[in-house]
């Protein structure tokens, strides 16, 4: 068993002494201090070569210790991190005391004592200090409980904090604001509890409370016994990348929509118009090759009917093109309830219509488009009514994520949406074989609502009825 004298002697040898003489501008180290800094015995410290062992952040911490000693006129205590001559990172406990001459500091002296750190942490901190200090990514290391033990300059710049405020506390990305997705928070919490790696992307807020996209990678580190000893979290501001990604996604959606519209136009040109022109050519051939006047007159009527169908097809195509050209027309605020009542009054003797629209609701639309959409959806309910029951149409309202939603629920024939999902709202697509069905009305409605940055959806059960939903964009 060691005596008190032996313990005292051992501890005394572990402590290095240093002094700064401001009168002579010299620095002195004892042998133990040289050993802590891993320099040769003949090393002479001065104000220039000492800066090689301590970075700006720790130099400020050292000055703080000195200022505390001067301010309180008692020895002060603190910790600083150094990089030795052999590039080893060490944490030193520092005690500082000042000597005054004529109320001016003439000499500063004190002690250094090494703080023992587990070898694996010391090694990792050394590597991360050398590499992480130069990267723009935010890096922070926590213990197994999620409390910070190290952070690089990029993290402190992003968080607007300082190292003394960070050490021993949980990083701010664990302290989520109400705007953060709860699913993201749960994912991070589970990762920490289960000691597993995770990657999340979420909206975060900087020190000016400005929102930005943040990507966070959390990786657990295990010691030789398989026990999680710490976490390494690397984060970066990916706002520019995310905005480009969103922009590209929107561009792809627009491109997809344009391709679908192009396919419809191609269908008109390659099928409908060609079909009409072929029929007209055939009728002309018959007229030219017959001498019977009555037969000529009969085929002239057929020729007239064919030209009317061709004109109608061209008119439909022209209407769709016009809708796309008018997509930049300024919207006008209209009183929705009044517009629905005006259209409903035209069909009160053909279908029972009930409506539940707020009396104070105004929406921004292109008025002509709204009127056409309302008429199309009401006539659609009349056209495809069930012979087994009295036709009814319920018009109601919902509000959802910056959309005003108008619902048109009928009790008609309904549509097998699974079977016809690729045909819904397509040009010249019909589903019930009605003689008066042209397959153009819903196609026009879809183009008109999309021209106003909205959308249309259909929920339907064959034999029971359909519900059309018009989404009017209010973003």
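Entry remark, region 187-220: residues being closer than 12 Å to residue 146 by Cα and in contact (Cβ under 8 Å) with a residue 24 or more places away in the chain number 6 in total. Determine if region 217-226 includes at least one residue that is at pLDDT 80 or above, over 24 Å from the mean Cα position of the chain (by Cα), surrounded by 17 or more Cβ atoms within 10 Å (Cβ to Cβ) and not in a strand (DSSP E or B). No, region 217-226 has no match at all. If you check 352, 381 for being surrounded by 14 or more Cβ atoms within 10 Å (Cβ to Cβ) and either touching a strand residue (DSSP E or B) at 6+ places or on another chain (Cβ under 7 Å) or modelled with pLDDT of 90 or more (or both), only one passes: 381. Counting just the residues of region 142-159 that are under 20 Å from residue 88 (Cα atoms) and out of contact with any helix residue (DSSP H, G or I) (no Cβ under 7 Å at 6 or more places or on another chain), which one comes out modelled with the lowest pLDDT? Going through the qualifying residues, I end up with 153.
The set of residues in region 85-110 that are closer than 20 Å to residue 149 by Cβ and touching a strand residue (DSSP E or B) at 6+ places or on another chain (Cβ under 8 Å) comprises 89, 90, 91, 92, 93, 94.
There is no residue in region 235-256 that is at pLDDT 75 or above, surrounded by 12 or more Cβ atoms within 10 Å (Cβ to Cβ) and closer than 27 Å to residue 440 by Cα. Would a scan of region 119-136 turn up a residue that is farther than 27 Å from residue 32 by Cβ and at pLDDT 80 or above? Among the residues of region 119-136, not one is farther than 27 Å from residue 32 by Cβ and at pLDDT 80 or above, which makes the answer no. On the stretch given as region 330-340, residues that are surrounded by 14 or more Cβ atoms within 10 Å (Cβ to Cβ) and either closer than 12 Å to residue 374 by Cβ or free of Cβ contacts under 8 Å to residues at least 40 places away in the same chain (or both) total 6. Could you go through region 194-209 and let me know if any residue there is assigned to a helix (DSSP H, G or I), surrounded by 15 or more Cβ atoms within 10 Å (Cβ to Cβ), on the phi < 0 side of the Ramachandran plot and at pLDDT below 80. No, every residue in region 194-209 fails to be assigned to a helix (DSSP H, G or I), surrounded by 15 or more Cβ atoms within 10 Å (Cβ to Cβ), on the phi < 0 side of the Ramachandran plot and at pLDDT below 80.
The values are calculated or read from the model by the stated rules, or taken from the named source; none is laboratory data. It should be emphasised that the depicted structure is a prediction, and the values quoted were computed from it without experimental measurement. A quick note on method: Cβ atoms are made from the backbone with ideal geometry, for glycine too, and the neighbour counts reach across all protein chains shown.
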